[in-house]
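S.K.: Attaching a single structure in structure tokens format; questions to follow.
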Amino acid sequence: MNSLAAEIVSVGLLLGVLAFAVARPRGLPEAVAAIPAAGLVVVLGAVSPADAWEQTHTLLPVVGFLAAILVLAQLCDDDGLFDAAGDLVARFCGGRPVRLLGGVFGVAAVTTAVLSLDATVVLLTPVVFVTASRVGAHPRPHVYACTHLANSASLLLPVSNLTNLLAFTASGLTFTRFAVLMALPWLAAIAVEYVVLRRFFAADLAVGAHPPKEAEQRTVPTFTLVVLGLTLLAFAVTSLIGIEPLWAAFAGTAVLAARALRRRRTTLPALWRAASPLFCLFVLALGIVVKAVVDNGLDTGISRILPGGESLTTLLAIAAVAALLANLINNLPAILALLPVVAPAGPGPVLAALIGVNLGPNLTYVGSLATLLWRRVLHEHDSAPSLGQFTRLGLLTVPATLIASTVALWGTLQL
Amino acid sequence: MSDVKTTALVWISPSTWPACVDAARERAPDDHVVLLHVGDDRIAAEAHRAYAGLLGRGHGPERDPGSRLEALSGVAGADLLEKAAHRLGRPCELLDRHGRPQEEVIRAAADADLLICARDGDPERPGPHSLGPESRFVVDHAPCPVLLVWPHRT
């Protein structure tokens, strides 16, 4: 098969795999379409078996890291960490919705950074809704803060987002160096989100709330917090002494899992489900399909668009292209496609691409193509809520956070 | 004199509802009172979208935070209506709807003789800012007279 035919077939398969992952017909797992598609690109010769194996070999530790973090977040939830955080925020707000928003920003930013955006979307968002209702505040600004920060606050650590783990592996940076370079971009994105949400939801935040009732106080799971803190510390230490930080994630997860199993708070099947094994297989298969798309022409296409070097305009251009691509397809295939092109240029361009794919999704979340399908799915269930408010908020935050974070990255690189 | 009571529709919204219930007690003591709460569907839709962005992570819809927010919103609405009915202190009708709040309020107001709602804007800034986009819409489009009250200070 020639390169053009291989490219057309690979792009078609990639779009099919993504459409399947979003629509999930009859609730089938996303791997059901991705694994045959990966097999097909190899059989058709769009990727050689050796290249496919190399890609899988590169992605395997990343996927293991992701699984460990997903289980760690679930164990923290089982131990009541998020409920305790919600309770703390309710107490801190003292009946003032603006302070509640500040508290939600703090908890959502830290949760996303340490336990990944999955934890914020799936585990923290419902807690924030309950917390706002408990103190009689309008839940809308606080829920939107959670869903937005799940993307915007996922810049700080390699563990904050699956896209970060992929870029971290490709960049050759240490865990601590990654965090140092991304600290200012992370803070810049959070600051922009705060200013925009505070103004956008001014009406909801203006009317008062009340402090929570004393009887509802929750206990803080100290053991879990200590293990989490030590795991974070171990990420830094392992990377400084040349051990893969993946082992720190495994160790922290193993300690909490052993304790939860002994106390019968969880079961082995529940831990297996929390690790999302089918999603891990999906990522590996997606990696092969994206490699076919990249190697058969997308790489030359992208490198023609992207300028070289580490100047501010270059970084801004990379972030913009990455954000656009994340909105066209999805941030996961977007970063897989961009990494082979930007990685040789050094950590600056890799991190700029990461800023783009992580912040861009606040415009459409799944990628517009997938969103179209998603809306069709919603429509079938006879509820088609307006996209107006969501899109307006995305238009206000995404360009501003992209610029602020990329400028902050450029500034950090100059130090 | 007719025995047919006029109907006062009271919009029960988080944090502003006590002022509306008090207004119904004082200004519509003899009316048939309908307490209306509208769950905002856009909140659950936002969580659905964020979950879709994760491509499900291999899990089924049972892990979707949007579905959990829909269930929690139902509980929160029922709880608010119960508190409001208790504060009103006399028999009343409870309506729990969901959708876009301003549109559902206008729809429900078609059968009412009076709509009681609170300003949802910044109480510190009299003028246009004292009305948020939702109460602005309701005031503009209500098919019946509107009694607009300031929320209680906390």
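S.K.: Answer with yes or no whether A:LEU75 is within 14 Å of chain B (Cβ to nearest Cβ) and under 22 Å from the mean Cα position of the chain (by Cα).
M.R.: no
S.K.: Going through B:ASP22, B:ASP31 one at a time, which residue ends up being modelled with pLDDT under 95, more than 10 Å from chain A (Cβ to nearest Cβ) and at negative phi?
M.R.: B:ASP31
S.K.: Now for a different question. Hey, which of the helices (runs of 4 or more DSSP H) in the range A:115-220, taking only ones fully inside, have at least 2 residues that are out of contact with any Asp or Glu (no Cβ under 8 Å at 6 or more places or on another chain)?
M.R.: A:125-134, A:140-152, A:162-171, A:175-200
S.K.: Under 6 Å by Cβ, and 6 or more places apart or on different chains, what pairs join a residue from the range A:252-273 that is under 20 Å from B:ARG63 (Cα atoms) with one that is surrounded by 14 or more Cβ atoms within 10 Å (Cβ to Cβ) and charged (D, E, K, R)?
M.R.: Here the result reads A:ARG265/A:ASP78; A:THR266/A:ASP78, each pair linking the range A:252-273 to a residue that is surrounded by 14 or more Cβ atoms within 10 Å (Cβ to Cβ) and charged (D, E, K, R).
S.K.: Let me ask you something else. Looking at A:ALA108, is it at pLDDT 95 or above, touching a Ser or Thr at 6+ places or on another chain (Cβ under 7 Å) and assigned to a helix (DSSP H, G or I)?
M.R.: yes
S.K.: Just need a number here: residues in the range A:288-319 that are closer than 19 Å to A:VAL407 by Cβ, among the hydrophobic types (A, V, I, L, M, F, W, C) and surrounded by fewer than 18 Cβ atoms within 10 Å (Cβ to Cβ).
M.R.: Total satisfying the criteria: 1.
Conditions tested, residue by residue: (1) within 14 Å of chain A (Cβ to nearest Cβ); (2) farther than 30 Å from A:ALA19 by Cβ; (3) in contact with a Ser or Thr (Cβ under 6 Å, 6 or more places away or on another chain).
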position	(1), (2), (3)
B:TRP17	yes, yes, no
B:ALA47	yes, no, yes
B:LEU55	yes, no, no
B:GLY66	yes, no, no
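S.K.: Among the listed residues A:ALA132, A:ALA150, A:ALA137, identify the single one that is surrounded by 24 or more Cβ atoms within 10 Å (Cβ to Cβ), touching a helix residue (DSSP H, G or I) at 6+ places or on another chain (Cβ under 6 Å), within 10 Å of chain B (Cβ to nearest Cβ) and within 21 Å of A:VAL283 (Cβ to Cβ).
M.R.: Matching residue, one of A:ALA132, A:ALA150, A:ALA137: A:ALA150.
S.K.: Further question: Checking the conditions here, which among A:VAL98, A:VAL63 is more than 22 Å from the chain's Cα centre (by Cα), surrounded by fewer than 24 Cβ atoms within 10 Å (Cβ to Cβ) and within 14 Å of chain B (Cβ to nearest Cβ)?
M.R.: Answer to the check: A:VAL98.
S.K.: Of the residues that make up the range A:133-156, is at least one aromatic (Phe, Trp, Tyr) and closer than 25 Å to B:PRO123 by Cβ?
M.R.: Yes: the range A:133-156 contains one or more residues that are aromatic (Phe, Trp, Tyr) and closer than 25 Å to B:PRO123 by Cβ.
S.K.: Check A:VAL89 against each of (1) surrounded by 24 or more Cβ atoms within 10 Å (Cβ to Cβ); (2) in contact (Cβ under 8 Å) with a residue 60 or more places away in the chain and name the one condition it does not meet.
M.R.: (2)
Residue-by-condition table, conditions (1) surrounded by 15 or more Cβ atoms within 10 Å (Cβ to Cβ); (2) within 14 Å of chain B (Cβ to nearest Cβ); (3) touching a Gly at 6+ places or on another chain (Cβ under 9 Å):
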{"site": "A:ALA206", "(1), (2), (3)": "yes, yes, yes"}
{"site": "A:LEU232", "(1), (2), (3)": "yes, no, yes"}
{"site": "A:ILE241", "(1), (2), (3)": "no, no, no"}
{"site": "A:LEU246", "(1), (2), (3)": "yes, no, yes"}
{"site": "A:ALA274", "(1), (2), (3)": "yes, yes, no"}
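S.K.: Which condition number in (1) farther than 23 Å from A:LEU351 by Cβ; (2) buried (at least 20 other Cβ atoms within 10 Å of the Cβ); (3) at pLDDT below 95 is the one that A:LEU173 fails?
M.R.: (1)
S.K.: Is it the case that the range A:175-186 has a residue that's closer than 20 Å to A:ALA404 by Cα and within 15 Å of the chain's Cα centre (by Cα)?
M.R.: Yes.
S.K.: Could you say which residue among A:GLY367, A:GLY360 is under 25 Å from A:VAL293 (Cβ atoms) and modelled with pLDDT under 80?
M.R.: Unique residue meeting the criteria: A:GLY367.
S.K.: Kindly establish whether B:TRP11 is within 11 Å of the chain's Cα centre (by Cα), among the hydrophobic types (A, V, I, L, M, F, W, C) and within 12 Å of chain A (Cβ to nearest Cβ).
M.R.: Here the answer is no, as B:TRP11 does not meet what is asked.
S.K.: Then there's this: Go through the range A:1-33 and count every residue that is closer than 18 Å to A:ASP295 by Cβ and in a helix (DSSP H, G or I).
M.R.: Final tally of qualifying residues: 14.
S.K.: Within the range B:88-111, does at least one residue satisfy the condition of being under 15 Å from B:PRO18 (Cβ atoms) and either in contact with a Cys (Cβ under 6 Å, 6 or more places away or on another chain) or facing another protein chain (nearest Cβ under 9 Å) (or both)?
M.R.: no
The values are calculated or read from the model by the stated rules, or taken from the named source; none is laboratory data. For clarity, every value in this text was computed on a predicted model and none was experimentally measured. Neighbour counts run over all protein chains shown; Cβ positions are idealised from the backbone, glycine included.
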